[in-house]
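First the structure, in the form of structure tokens, and then the observations on it.
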Amino acid sequence: MAAHLKKRVYEEFTKVVQQQHEEIATKKLRLTKPSKSAALHIDLCKATSPADALQYLLQFARKPVEAESVEGVVRILLEHYYKENDASVRLKIASLLGLLSKTAGFSPDCIMDDAINTLQNEKSHQVLAQLLDTLLAIGTKLPENPAVQARLIDVACKHLTDTSHGVRNKCLQLLGNLGSLEKNVAKDAEGLATKDVQKIIGDYFVDQDPRVRTAAIKAMLQLHERGLKLHQTIYNQACKLLSDDYEQVRSAAVQLIWVLSQLYPESIVPIPSSNEEIRLVDDAFGKICHMVSDGSWVVRVQAAKLLGSMGQVSSHFLEQTLDKKLMSDLRRKRTAHERAKELYSSGEFSSGRKWGDDAPKEEIDTGAVNLIESGACGAFVHGLEDEMYEVRIAAVEALCMLAQSSPSFAEKCLDFLVDMFNDEIEEVRLQSIHTMRKISNNITLREDQLDTVLAVLEDSSRDIREALHELLCYTNVSTKEGIHLALVELLKNLAKYPTDRESIWKCLKFLGGRHPTLVLPLVPDLLSTHPFFDTAEPDMDDPAYIAVLVLIFNAAETCPTMPALFSDHTFRHYAYLRDSLSHLVPALRLPGRKLPSSPVSPSITPHEDPSQQFLQQSLERVYNLQHLDPQGTQELLQFTIRDLQRLGELQSDLAGVADFSATYLRCQLLLIKALQEKLWNMAAPLYIKQSDMASAAAKQIMEETYKMEFMYSGVESRQVVIIHHMRLQAKALQLIVTARTTKGMEPLFGMCEKFLQEVDLFQRCFITELPHLQDSFVDKLLDLMPRLVTSKPSEVVKILQATLRQSTFLHLPLPEQIHRASATIIEPAGESDNPLRFTSGLVVALDVDATLEHVQDPQSIVKVQVLYPDGQAQIIHPKPSDFRNPGPGRHRLITQVYLSHGAWTEPCQIEVRLLLAYDSSTRISRPACLDSTEALPLVENSIEGTIPFSK
Amino acid sequence: MPEIKVTPLGAGQDVGRSCILVSIAGKNVMLDCGMHMGYNDDRRFPDFSYITQNGRLTDFLDCVIISHFHLDHCGALPYFSEMVGYDGPIYMTHPTKAICPILLEDYRKITVDKKGETNFFTSQMIKDCMKKVVAVHLHQTVQVDDELEIKAYYAGHVLGAAMFQIKVGSESAVYTGDYNMTPDRHLGAAWIDKCRPNLLITESTYATTIRDSKRCRERDFLKKVHETVERGGKVLIPVFALGRAQELCILLETFWERMNLKAPIYFSTGLTEKANHYYKLFITWTNQKIRKTFVQRNMFEFKHIKAFDRAFADNPGPMVVFATPGMLHAGQSLQIFRKWAGNEKNMVIMPGYCVQGTVGHKILSGQRKLEMEGRQILEVKMQVEYMSFSAHADAKGIMQLVRQAEPDNVLLVHGEAKKMEFLKQKIEQEFHVNCYMPANGETVTLLTHPNIPVGISLGLLKREMALGLLPDAKKPKLMHGTLIMKDNNFRLVSSEQALKELGLAEHQLRFTCRVHIHDTRKEQETVLRVYSHLKSVLKAHSVQHLPDGSVMVESILIQATAHSEDPGTKVLLVSWTYQDEELGSYLTSLLKKGLPQAPS
């Protein structure tokens, strides 16, 4: 208790200081100012050489300065600044001024005059630049003050004529950051100023120093970012900058042109050397396309990236980017793509066997051939063939964005994307597969394209293969041969990489579902049925056969004529698969059978509102009936929990909410049950086992609350407070049970104190939420707090017991979107027949493959646990690169776990689990009161992996 | 007038024996020293007697530059340096220096040992010749002598190929050698900065071709090989040992790796092993992918490609074999071809052009029955494919390079005349620069306008800058100073300093001008009126009224006297020094306009 009191006293002390803070502020200022700045002053005076002074300043810069004493320090620094002869020291002082003016809570307008004054007499260019930087810091701190801004702009304009590029750079930066935005200010002077800023900056586009030119463009971009509308006249200037000698200038100019093209897409600009005019956005597009073949790869990346976001460009310009007119000896030649297309449309397969198959055909008019078109010609062809993979990736991304907005372009760029599947860098391949998936709504693959796509299925990289499966899920195929080809290639893939099983099945599910009419004619072939003879029944465990069935059954879902083609064993297999792989095989209406899944199938139709209503109603019911007799309450809770669980199973989209509320109700139920126990009525403390039930309940509630807090995504602070409240109740229960069952007072002291700390913490953390907790346990407890602090543990326990029993049941508001985190381990599968063998003492690597759903930031919280039969447990942290993100809210963990064990003779089971590590202190950002390293592993999902091993 | 002279001794409107003489600002440089593959007589080497009739080549040439190791660019080098006699420096890049002697030795062997020619250079000559070679790095500026400097740029094409910039003072020329603007599996794309040379000498092999995307080509190639191997057939790829062979190897190697294929790939031994060794060494000359991954694995350390043995050709099962030479005219590739030709499951892929008369050319043109030596008839059942893998820039690539370098003139070499004509016209039309295409022995002379650097003292510069308004980079600016030409350099100094340096006394030069003004008032009053008028007009200058009755504007003196004949007319005497010419003439013109009517 004494220790506890000490703590309280200490806390109160600190509180008092904070409250009185404002009253004694002036006094404190006076106290700190001399101490801090005086020390600096003395140090600086002591300094004999510039190097010394620099040292002192550096030391000074390492320590933070409070907002109140900043001004004093600034004065001291300025004083030394005027006296100092050495430029480097002045430079450091200037930079310190900038740093100091950034101090939170300090308003730097008081030092602005001084800073501007120092500018006047400064000779060193470096110091000048630094001073301007300081002014920039001051200016950005005072965005609301137009007078200050106008003044700073004046200063900047004055120094723009400086001979040093550094100073000019900073001036332009200042103009870019502070150039006034108020266009609507009616005053003439203001209006002029706004016009000026752009013109002034524009004048420096032709500065002799490339760094200044870059800074000028950047300043212009900065103006744009701050919402100032750039003038269209800048466009011509910017176009000239595209042929600058320096890459940073060109790179910035490309950006500026892009910005302007977004601002004035529909303006008309003339084409030089002709009378024609085109839209500005088209012109800009052409110019940026031109930059895709720039000499510097930085510019190329920049240009390729920006092309993607120019959606307003006309379609014929867009299509030119994929066009590179081929010729050979001045005769027009068709591209390989065109040839492929022609062969396809003429219904012939490529012979490809003749030399000169690609022989040029028509003569070209030499005058008409323009080798470097000023337009957008072939920009993407160049970009996709670039030497640097950064450029290629940027080009693929741009293609993706443009194709998403234009279906006709998507159709055209398909050939090029398919070609990228053979890039030498895996990243590029992957990116192009993803791109293709994103645009797949707009396209239908031709057979020859499909052929190339499918060839990649043999890639040894798992990522590529899976991305490709994902792609195939969304692809439209035009012919039945295409489907057949895809199936054959997928089966080949399955044979080569059996681990792809799941992914391939899923892929075939969608492929079948998308193309029922194309699958139909293939069915007899695929099932190898014969009109007259019964064929042998295929092996049901063959993954390839399952794959075929998955394709057929999914196609049959929307094609009612298909089941007629099935043979008897197919129906049997259907029943089996429908049970074992229900996520892959849909419910079919089979002829001559009752719909086996009739209770399930109606639920497919979206009845969102009724089920939502049901959920709401059942919860309402629970919350409203607070004063029922205990027996009734318990029953009602039990029923509701059951209902909710069932609802969660039926309605997958409500599963999160239902589970969440069911868990909460279960906690409540446990609490009520625990409080109903007879033993509470006895006055004397019990030292027997009878209270097991209560303490177990307390424990379980704690566990459940942790699950509620950390296993669901989308939990808001309103819920968190209720969860914590429940936990607090559980803790109180625990305390009471302990008090009743343990002898002696000693351990109770500590527990009481800890509990009161928790209450205090709760109050501090959720102070804003407290008004919502009327009449609750905490509410009452806080009222009694003064009494509790001073009473003995036995008293405390008694009060707690009473409060706990009186307190009401809190209403849990439901969040908008809540999902339960879950994980499924795909590999290792549970019932493996062949055990892993390894020599004792050495390690064996076990591949673990799992999908995680609704886990936020899995890289840091998901762990793998290995349980050995002798009770040894090992927690393994997977590498961040082992996690892939195939879709929103979904993650995939593919990692290797190293197993090792000492002597063991018999085959035995090893359990592999996935854990979700949590840290209760992070979410509510508690200070270090609670041991913040508390990281209790929580079993999230456990699937047994049987890996028997022996010596 | 300074000029650049260019004379191609080879490769002028022709492909083969590249050899171009350039004389630039008095320096003579020979670019490449190649042989012609089409000839076996004297025409095979360039005519070096053109350079100098009598007298040593070393005295005439300042240096020789070799762009890359192909024989049509370096084949005549030992003959030139050892037999004709040249002792000056020869510049080439490190990989070229390493690989060049191997190819020269091979060439020598074929000519001397196989064809039995005499009077050809010997192995020792090749060695001696290589001793004269100075190796250069990319982007390294090498000072050949005090004035001449050269610099190498990356050119793609083959390992170690480079473009060279030759610079004397402010005049410069760039020679591209052979180059490739699209990257391939093992080499990057050619690159040059905006060096704005006076002359760009570029190859123009594909002057009239725009090539298809390389990806289709690669994909086709891989698909064909893959299909054949899956069928259990054998694939024969006849190649030349260096260059394309490595690209195709890498292509197949990575494909095998990606697709987990198991069929063996063989490479016929000999020359190639040595060459592969150099490819492994010169990783920095390869493309991004190889450069980035060689720490984990050097791409040229092939995992799937093994050395070929004669006996392997009869092994059952699928395989891929690279065999030399490329045109199926002799050697190992022809032997294997004869073995495999009868099976329709097999395939031969010709990755390059075949000369007329070779077996390669015959089968490509569709001949199915070949007459071999000994009157044997060979029936070709195997599939024959043609794939073009060429590493020259196409028309678009050439234009791109011209755009990058921004030359004043372009000169085309290493191509056929008819095709050059087209490209020449395009370049002139597109870039508005002169374009030349001389034939062998024809000299092109270009006038240049070199910049002449003039030194200026900082003090003078600052003083003059301070006078004017804002400095504007794009506009010429007027300056006052004295140009001193002394010891072959130019300096611009202030006139005081010039006087001091020359030990001359300064002469005052004054202009005086009389302006007649009709004014009936007294002289003093006139002066006052002039004073007040000038004061109001020239606000930026100091205008003083001196006690002796004259007006001073800056240092210009104005006095008024009455006219001797007509008292109604006053004569204003304006006098200024030469330095104040601008202001003085302005003042007179101002006064000539007359004074404003006095407020009377």
If I filter the range B:210-233 down to residues being closer than 17 Å to A:V381 by Cβ and without any contact (Cβ under 8 Å) to a residue 24 or more places away in the chain, which single residue comes out as surrounded by the fewest Cβ atoms within 10 Å (Cβ to Cβ)? B:R219
Just to confirm my filter: which strands (runs of 3 or more DSSP E) fall fully inside the range B:134-181 and include at least 2 residues that are closer than 24 Å to B:Q400 by Cβ? B:148-154, B:162-168, B:171-175
B:D14, sole failed condition from (1) touching a Phe, Trp or Tyr at 6+ places or on another chain (Cβ under 9 Å); (2) surrounded by fewer than 20 Cβ atoms within 10 Å (Cβ to Cβ): (1)
All positions within the range B:356-380 that are among the small types (G, A, S) and either closer than 16 Å to B:A330 by Cβ or out of contact with any Phe, Trp or Tyr (no Cβ under 9 Å at 6 or more places or on another chain) (or both): B:G357, B:G360, B:G374
Within the range A:495-529, which residues are touching a residue at least 40 places away in the same chain (Cβ under 8 Å) and within 14 Å of chain B (Cβ to nearest Cβ)? A:A495, A:P498, A:T499
So which of B:A207, B:A313 is in contact with a Lys or Arg (Cβ under 6 Å, 6 or more places away or on another chain) and without any contact (Cβ under 8 Å) to a residue 40 or more places away in the chain? B:A313
Single condition A:I393 does not satisfy, out of (1) in contact with an Asp or Glu (Cβ under 9 Å, 6 or more places away or on another chain); (2) at the interface with chain B (Cβ under 9 Å from one of its Cβ atoms): (2)
Could you list, in sequence order, all residues of the range B:104-128 that are of a type outside the set (F, W, Y) and within 27 Å of B:A190 (Cβ to Cβ)? B:L104, B:D106
Of all the helices (runs of 4 or more DSSP H) wholly in the range A:399-472, which have at least 2 residues that are under 26 Å from the mean Cα position of the chain (by Cα)? A:426-439
Failed condition for B:F221, given (1) in contact with a Phe, Trp or Tyr (Cβ under 6 Å, 6 or more places away or on another chain); (2) among the hydrophobic types (A, V, I, L, M, F, W, C); (3) in the same structural domain as B:F294 (by the TED database): (1)
Would a scan of the range B:177-195 turn up a residue that is under 22 Å from B:Y386 (Cβ atoms), within 14 Å of another protein chain (Cβ to nearest Cβ) and free of Cβ contacts under 8 Å to residues at least 12 places away in the same chain? no
Across the range B:258-290, what is the total count of residues that are loosely packed, with under 15 Cβ neighbours inside 10 Å, within 14 Å of another protein chain (Cβ to nearest Cβ) and at pLDDT 85 or above? 1
Would you mind stating whether A:L520 is under 30 Å from A:S461 (Cβ atoms) and assigned by the TED database to the domain that holds A:I483? no
Qualifying position, being surrounded by fewer than 16 Cβ atoms within 10 Å (Cβ to Cβ), out of contact with any Ser or Thr (no Cβ under 6 Å at 6 or more places or on another chain) and more than 21 Å from A:P143 (Cα to Cα), among A:K102, A:K46: A:K46
The range A:377-406, subset β-branched (V, I, T) and touching a Gly at 6+ places or on another chain (Cβ under 9 Å), residue surrounded by the most Cβ atoms within 10 Å (Cβ to Cβ): A:V396
Quick one: is A:L454 over 15 Å from A:T321 (Cβ atoms) and either buried (at least 23 other Cβ atoms within 10 Å of the Cβ) or assigned by the TED database to the domain that holds A:V523 (or both)? yes
Take the residues of the range A:667-691 that are closer than 21 Å to A:Q638 by Cβ and either among the acidic types (D, E) or in contact with a Leu (Cβ under 8 Å, 6 or more places away or on another chain) (or both): which is modelled with the lowest pLDDT? A:E677
Can you find a residue that is part of a helix (DSSP H, G or I), among the aliphatic types (A, V, I, L, M) and under 43 Å from the mean Cα position of the chain (by Cα) anywhere in the range A:792-802? no
Among the residues of the range B:206-245, count how many are under 21 Å from B:K262 (Cβ atoms) and in contact with a helix residue (DSSP H, G or I) (Cβ under 8 Å, 6 or more places away or on another chain). 9
Among (1) touching a strand residue (DSSP E or B) at 6+ places or on another chain (Cβ under 6 Å); (2) modelled with pLDDT of 80 or more, B:L583 falls short only on (1)
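Any idea which of B:H392, B:H329 is within 30 Å of A:D245 (Cβ to Cβ) and more than 12 Å from every other protein chain (Cβ to nearest Cβ)?
From the options B:H392, B:H329, the qualifying one is B:H392.
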When you look at B:I237, is it more than 12 Å from chain A (Cβ to nearest Cβ), crowded, with 22+ Cβ neighbours inside 10 Å and within 17 Å of the chain's Cα centre (by Cα), yes or no? no
Please enumerate the residues belonging to the range A:750-772 that are in a helix (DSSP H, G or I) and among the polar types (S, T, N, Q). A:Q757, A:Q763
Matching residues, the range B:121-134, being in contact (Cβ under 8 Å) with a residue 40 or more places away in the chain and over 13 Å from B:F80 (Cβ atoms): B:V134
Per the filter on the range B:109-132, residues in contact with a helix residue (DSSP H, G or I) (Cβ under 7 Å, 6 or more places away or on another chain) and either closer than 20 Å to B:P325 by Cβ or buried (at least 19 other Cβ atoms within 10 Å of the Cβ) (or both) are B:E117, B:F121, B:I126, B:C129
Pull out all pairs, ordered by first then second residue, where Cβ-Cβ is under 9 Å, the residues are six or more apart or on different chains, the first lies in the range A:456-476 and is free of Cβ contacts under 8 Å to residues at least 60 places away in the same chain, and the second is part of a strand (DSSP E or B). A:A467/A:P886; A:T475/A:T444; A:T475/A:L445; A:N476/A:T444; A:N476/A:L445
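The values are calculated or read from the model by the stated rules, or taken from the named source; none is laboratory data. Quick caveat: nothing in here was measured; it's all calculated off a predicted structure. Because the Cβ atoms are built from the backbone with ideal geometry, glycine has one as well, and the counts that use them run over all protein chains shown.
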